[in-house]
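The values are calculated or read from the model by the stated rules, or taken from the named source; none is laboratory data. All values derive from a computational prediction rather than experimental measurement. Here the Cβ positions follow ideal geometry from the backbone for every residue, glycine too, while neighbour counts run over all protein chains shown. Note: areas computed on protein heavy atoms with side chains; ligands, DNA, RNA excluded. Shrake-Rupley method; radii C 1.70, N 1.55, O 1.52, S 1.80 Å.
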Amino acid sequence: CGADSATVLALHDFFAPRLREAALEPLLAEIELPLVEVLVDMEWAGIAIDRAVLERLSRELGADLARLELEIARAAGTELNLNSPKQLAAVLFEKHQLPVLKKTKTGPSTDADVLEQLAEMGHELPKLILDYRELQKLKSTYVDALPAEVSARTGRIHTSFNQTGAATGRLSSSEPNLQNIPVRTQRGEAIRRGFVPAPGSAFLVADYSQIELRLMAHLSGDPAFIEAFRQGGDIHRQTAALIFGVPPGQVTAEMRARAKTINFATIYGQGPFALSRQLGISQDDAKAFIARYFERFAGVRAFLDRQVQLAREQGYVETLFKRRRYIPEIRDRNYNLRAYAERTAQNSPLQGSAADLIKLAMIRAHRELRARGLASRMLLQVHDELVFEVPDAEVDEMRTLVRTCMETVVTLAVPLVVDIGVGPNWLDAKR
């Protein structure tokens, strides 16, 4: 113990001047250190699952996988070992003569990206294989594995939250990872139905609405983007109206869908190639679409360019709360590494600021729960979402408490908005 204590003191003496020099002391003192006790309480509380729900889902997934195996064998025209990339490549590229899109040292690639591109071209077999892989992962990684993670002592699952696992500042979760449960598909969503509150309680789920887009408006200072948020309503419809030059009432479903895609593509620094694939249009059309977007939101373009320039000049970019993301690859001779670094420079201030914001909201909510002597507990943090276990008698008070803590945690140029749901399981509360 003495040696451990001496080491910690030595590390403190070494790092403290560097923290002061980088102006990172407030980040440590006001966010990361106060968050420790919040995470300890969350890990200690754990979360319960309904084994019957997961067992039923396991049987359903097993039946779906068996059906898919028969469909894959029919489409392939032969029995196929889906866990053998070599055999898969032989069937796809030799037997069926599908185009080879990427090569590895051992031959044509059959990774998810290749299969997705082939499926988009209209080929049936790659789509069936993707469906099979997705269901197999759901079954093995979550549905069948989660019951084994239940503590014999508490009857609940106790994940570990890691503060230093992600370069963006986001929390990560491990043993088991409860932050990567898929939500984009119906089967993935269904897993959340297996997470349940204690008897006499409900789940309250609070989710920041479009937090990174709101941070983009604030950090870029773009007048049109800020005004779109201040008007309230549907930001993607407002954006579409500005891009296509029509009143919001005349925005079609397709216009809105395209505006939504480019809103989020902008955050992640995607170019014409990625956008053309997402929208199913030519690269020239995608390039023109991006140009029109940045013509309407010139402040957003200037902000993104400024982040890349800052990364080149000082080697890092910063969040709203001065968290640094070092990006040495920005000066790399390799074009692909450099392009990735530029996208990272554009996205990190947004994703990192969102991570800092929700950490501050967690600290505030945790303190408020204690101050009021409430029995409600914060159980999970998943990206922009917080999950609380709330006794039925405290639901109304908790709705107000959580909304206030999250929406007033900082003052931005645009309002922070939180969506709140209550339900008997994680899925129904989220909906």
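Summed over region 151-176, residues that are open to solvent by less than 30 Å² (accessible area, probe 1.4 Å) and over 15 Å from the mean Cα position of the chain (by Cα) total 5.
Here's the yes/no breakdown for (1) under 30 Å from LEU98 (Cα atoms); (2) touching a residue at least 40 places away in the same chain (Cβ under 8 Å); (3) part of a helix (DSSP H, G or I):
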residue: LEU27; (1), (2), (3): no, yes, yes
residue: GLU37; (1), (2), (3): no, yes, yes
residue: ASP41; (1), (2), (3): no, yes, yes
residue: ALA48; (1), (2), (3): no, yes, no
residue: ALA52; (1), (2), (3): no, no, yes
residue: ARG59; (1), (2), (3): no, no, yes
residue: LEU65; (1), (2), (3): yes, yes, yes
residue: LEU70; (1), (2), (3): yes, no, yes
residue: ARG74; (1), (2), (3): yes, no, yes
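When you go through (1) basic (Lys, Arg); (2) in a helix (DSSP H, G or I); (3) modelled with pLDDT of 90 or more one by one for LYS287, which number turns out not to apply? That leaves (3) as the condition not met. Note on region 106-141: residues that are within 28 Å of ILE49 (Cβ to Cβ), without any contact (Cβ under 8 Å) to a residue 60 or more places away in the chain and surrounded by 16 or more Cβ atoms within 10 Å (Cβ to Cβ) total 2. Being of a type in the set (A, V, I, L, M), touching a residue at least 24 places away in the same chain (Cβ under 8 Å), under 30 Å from LEU380 (Cβ atoms) and part of a helix (DSSP H, G or I) is a property that does not hold for LEU33. Taking region 82-100 as the range and being open to solvent by 60 Å² or more (accessible area, probe 1.4 Å) and either under 23 Å from VAL143 (Cα atoms) or touching a strand residue (DSSP E or B) at 6+ places or on another chain (Cβ under 8 Å) (or both) as the test, the residues that pass are ASN83, LYS86, VAL100.
Within region 193-209, the set of residues being among the charged types (D, E, K, R) and either over 20 Å from LYS139 (Cβ atoms) or buried (at least 24 other Cβ atoms within 10 Å of the Cβ) (or both) comprises ASP207 only. Can you find a residue in region 259-267 that is of a type in the set (Phe, Trp, Tyr) and open to solvent by 60 Å² or more (accessible area, probe 1.4 Å)? Yes, some residue in region 259-267 is of a type in the set (Phe, Trp, Tyr) and open to solvent by 60 Å² or more (accessible area, probe 1.4 Å). Restricted to region 316-417, the set of strands (runs of 3 or more DSSP E) holding at least 3 residues that are over 18 Å from SER220 (Cα atoms), touching a Ser or Thr at 6+ places or on another chain (Cβ under 9 Å) and touching a residue at least 24 places away in the same chain (Cβ under 8 Å) comprises 377-382, 385-391.
Here the condition is being out of contact with any Pro (no Cβ under 9 Å at 6 or more places or on another chain) and not in a helix (DSSP H, G or I); of ALA217, ALA190, ALA202, ALA206, it holds for ALA206 alone. What are the residues in region 107-130 that are in contact with a helix residue (DSSP H, G or I) (Cβ under 7 Å, 6 or more places away or on another chain) and among the polar types (S, T, N, Q), if any? Correct list: THR110 only. Applying the selection to region 364-404, what residues are farther than 20 Å from GLU43 by Cα and open to solvent by 10 Å² or more (accessible area, probe 1.4 Å)? Correct list: ALA371, ARG372, ASP392, ALA393, GLU394, VAL395, ASP396, GLU397, ARG399, THR400, ARG403, THR404.
Every residue, every condition in (1) open to solvent by less than 80 Å² (accessible area, probe 1.4 Å); (2) acidic (Asp, Glu), yes or no:
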| position | (1), (2) |
| --- | --- |
| ARG277 | yes, no |
| GLY280 | yes, no |
| ASP284 | no, yes |
| PHE303 | yes, no |
| ARG312 | no, no |
| PHE321 | yes, no |
| TYR340 | no, no |
| LEU350 | yes, no |
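Cβ-Cβ distances below 6 Å connect the following pairs, each with a first residue in region 250-264 that is touching a residue at least 12 places away in the same chain (Cβ under 8 Å), a second residue that is among the hydroxyl-bearing types (Ser, Thr, Tyr) and crowded, with 21+ Cβ neighbours inside 10 Å, and a separation of six or more residues or different chains: ALA259/THR239; ILE262/TYR293; ASN263/THR239.
Against the test of being open to solvent by 20 Å² or more (accessible area, probe 1.4 Å), more than 20 Å from GLY421 (Cβ to Cβ) and modelled with pLDDT of 95 or more, the options LEU219, LEU242 yield a single qualifying residue, LEU219. Scan VAL422, VAL409, VAL402, VAL382 and give me the residue that is over 24 Å from GLU32 (Cβ atoms) and of a type in the set (A, V, I, L, M). Exactly one residue qualifies, and that residue is VAL422.
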